[in-house]
Amino acid sequence: MTLSRKGTRILTVNEQRYRWTVSATDLPSLRFVVEAAEGAAQRMVVRVGAVETVSPRMVATAVEAGLRAGWTPDARGPELHYRLTRGRLVAHAAV
């Protein structure tokens with residue numbers, strides 16, 4: 001299932017476009033979901049803890065780290081769950 005266009009933002013990292021949105025379902029922590037903007041397949045869900053806002057730079061940092069860690073946004077696969085702490089992406093069990 002892909003993210004709806006409504007309520008999402010587009011971000012370009014290394015000439016690739018990604019769609020992302022913030023989820024506040026786990027207050028006080030936040031998480032965001034990222035996928036390829038076109039033909040989305042594998043999602044990355046990133047928990048960021050108790051922050052006031054999720055910035056595009058924070059999402060770009062997670063995208064770059066996720067790609068290095070093996071996230072393949074243009075291939076089918078299960079959602080990958082991470083925690084972003086001090087600019088480092090750490091694998092996180094799905095909740």
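The values are calculated or read from the model by the stated rules, or taken from the named source; none is laboratory data. Every value quoted in this text rests on a predicted model; they were computed, and no experiment measured them. No Cβ is skipped: glycine too gets one built from the backbone with ideal geometry, and neighbour counts run over all protein chains shown. When the accessible area is computed, the model is the full protein with side chains, heavy atoms only, and any ligands, DNA or RNA have been set aside. Shrake-Rupley method; radii C 1.70, N 1.55, O 1.52, S 1.80 Å.
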**Prompt:** How many residues are surrounded by fewer than 17 Cβ atoms within 10 Å (Cβ to Cβ), in contact (Cβ under 8 Å) with a residue 24 or more places away in the chain and more than 19 Å from ALA75 (Cβ to Cβ) when one looks only at the range 23-43?
**Reply:** 1
**Request:** Please enumerate the residues belonging to the range 44-95 that are closer than 17 Å to VAL13 by Cα, open to solvent by 20 Å² or more (accessible area, probe 1.4 Å) and part of a loop (DSSP other than H, G, I, E, B).
**Result:** SER55, ALA69, GLY70, THR72, ASP74, GLY87
**Message:** For the range 1-43, give me each residue that is among the hydroxyl-bearing types (Ser, Thr, Tyr), assigned to a loop (DSSP other than H, G, I, E, B) and either out of contact with any Ser or Thr (no Cβ under 6 Å at 6 or more places or on another chain) or at pLDDT 95 or above (or both).
**Reply:** THR2, SER4, THR25, SER29
